[in-house]
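Report on one structure; see the data block that follows.
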Amino acid sequence: MSNESRRYTVAVVGATGAVGETMLNILAERKFPVGKLIALASERSAGEKVKFGNSDVVVQDLATFDPKGVDIALFSAGGSISKEYGPKFAAAGAVVIDNSSAFRYDDDVPLVVSEVNPDAARQRPRGIIANPNCSTMQMLVALAPIHREYGIERINVATYQSVSGAGRSALEELGRQTGALLNFQDADPQRFPVQIAFNLIPHIDEFLDNGFTKEEMKLVWETRKILADDSIQVNPTAVRVPVFYGHSEAVHIETKTKVTPEQARKLLKSAPGVEVVDERKPGGYPTPVTHASGNDAVYVGRIREDLSHPRGLNLWIVSDNIRKGAALNAVQIAELVAAE
Ligand code: A2P
């Protein structure tokens, strides 16, 4: 059977979650050649239905599911689930595309951004391909073309990350707290350590010994692995903001050879997956709500020279963290696998 006519048995693990639901939508939207779709989640959700295109699929309990016959498994149910079940699916013959950080830093697991290092997906001795962290993903879709032309030595980045990155319960918490506070009631934080509505939280994932959070170090480790360049210096600050969908990043780069804003704009206009929105007028820049939310591109604006460095450039990078930052890239990796 040729690849063109082949249809795949695809399992989505975490199908009831914020990312899993979008994986199902994107598989249908992009007409991925699905022969059979299997939706998996915890025992709590077994028997519920999720939408795949025009059909309803009954959710099955991951714990009792036999992975034999699955061709491609998209995992987005958290790191511990990936660690426990990912290798079992791979041993049963599936290509596992994992959205968690469980395998990202293993040398024998490729970490792939479809526009940046698609060829890396072919070398997967364990049958597992890792999907990068959402913040690294959008940053590198925009920065990789600049790195290839001008050589990036150093990246300073502050992220403004939406609550959807923390899952469905975090979306619910922002909605609930917003309503409560507008009605003069307490925020009562549960999902986040402090109030997120009408606030900012400079803390995502756990604190590490060096004072950075793990979310921040993901930007360091993953940038080097994806660009295959351990010399790149990255100085990150990750902040959670009361936005539902779409991450933003204020990025400052220092390059080996000088790149002007005009050169960067020209390069990015032809870069795959990137849209330049950079007019020096009110609204002439991308925001999570006006551009990113529900769309596929990585939007870049506010491109300007760094006044404090002779080879410095500033950019503002915005993308839908659930789509390009997670579900879309996972499906694009599945497309790479299907095209082999
Ligand atoms: P469930 O809805 O049954 O809890 P989100 O990141 O949006 O919170 O989604 C997490 C996803 O991971 C959900 O689909 C959730 O399913 C799934 N999940 C969580 N714990 C387990 C588990 N123990 N086994 C299988 N799936 C799980």
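Top mean-square fluctuation among 193, 236, 261, Gaussian network model of the chain, C-alpha springs under 10 Å?
Top of the fluctuation ranking is 193.
Using 7 Å Cα-to-Cβ label points, what is the residue 154/residue 43 separation (nm, one decimal)?
If labels sit at residue 154 and residue 43, their model points lie 5.4 nm apart.
Any idea what the alpha-carbon Rg over 2.2 N^0.38 Å comes to for segment 122-280?
Relative to the 2.2 N^0.38 Å estimate, segment 122-280 comes out at 1.20.
One-quarter of the Cα convex hull surface for segment 202-340, in nm²?
Answer in nm², one decimal: 10.4.
Multiply the residue gap between residue 304 and residue 199 by 0.36 nm, knock off their C-alpha separation, and tell me the result in nm, one decimal place.
Value of the extension gain: 35.0 nm.
How large is the helix-only mean residue ellipticity at 222 nm for the chain, computed as the sum of -39500 (n - 2.57) over DSSP H runs with n ≥ 4, divided by its residue count, in deg cm²/dmol to the nearest 500?
So the calculated ellipticity at 222 nm is -8500 deg cm²/dmol.
Could you work out which residue, out of 217, 139, 23, moves most in a Gaussian network model of the chain, that is, has the largest mean-square fluctuation with Cα springs under 10 Å?
Result for the chain, Cα springs under 10 Å: 217 fluctuates most.
Which trypsin sites (Lys or Arg not before Pro) in segment 278-340 sit in a loop by DSSP (not H, G, I, E or B) and have at most 14 other Cβ atoms within 10 Å of their own Cβ?
Here the sparse-neighbourhood loop sites are 280.
Using only Cα atoms, find the angle between the long axis of helix 18-29 and the longest principal axis of the chain, and express it within 0 to 90 degrees, rounded to the nearest 10.
Approximately 80 degrees, to the nearest 10.
So for segment 122-184, what percent of the C-alpha to C-alpha distances run longer than 19 Å?
When all Cα pairs of segment 122-184 are counted, 60 percent exceed 19 Å.
Considering only 252, 200, 276, whose Cα is most displaced toward the positive end of the charge dipole of the chain, charges sitting on Cβ of Lys, Arg (+1) and Asp, Glu (-1)?
The Cα lying farthest towards the positive end belongs to 276.
Relative contact order (percent) for the chain, with alpha-carbon contacts under 8 angstrom and 6 or more residues of separation?
Reported relative contact order: 18 percent.
Taking Cα atoms, how many degrees apart are the long axis of helix 79-91 and the longest axis of the chain, rounded to 10 and kept between 0 and 90?
60
I'd like the GluC sites (Glu not before Pro) in segment 197-236 restricted to DSSP loop residues with at most 11 other Cβ atoms within 10 Å, sorted by number.
Loop-located and lightly packed - 206.
Rounded to the nearest 10 degrees, what's the angle between the helix 328-338 long axis and the longest principal axis of the chain, both from Cα atoms, 0 to 90?
60
Roughly what % of DSSP beta bridges within the chain run antiparallel, to the nearest 5?
The answer is about 45 percent antiparallel.
At 1.306 mPa s and 10 °C, plugging the Kirkwood radius over alpha-carbon pairs of segment 239-319 into Stokes-Einstein gives what diffusion coefficient in µm²/s?
Diffusion coefficient, whole number: 120 µm²/s.
Can you compute 3J(HN,Hα) from phi for each residue in segment 56-69, using the Karplus curve 6.51 cos²θ - 1.76 cosθ + 1.60 with θ = phi - 60°, rounded to whole Hz and x for Gly and Pro?
Running phi through 6.51 cos²θ - 1.76 cosθ + 1.60 with θ = phi - 60° gives 9, 10, 7, 6, 10, 7, 4, 4, 10, 7, 8, x, 4, x Hz.
How big is the C-alpha Rg of the chain next to the rule-of-thumb value 2.2 N^0.38 Å, as a ratio?
Normalised Rg, Cα atoms only: 0.99.
Only the coordinates and a few stated rules stand behind these numbers; no lab work does. The shown structure was predicted, so the numbers you read here are calculated from the model rather than taken from an experiment. For neighbour counting, all protein chains shown are included, and Cβ atoms are generated from backbone atoms with ideal geometry for every residue, glycine included.
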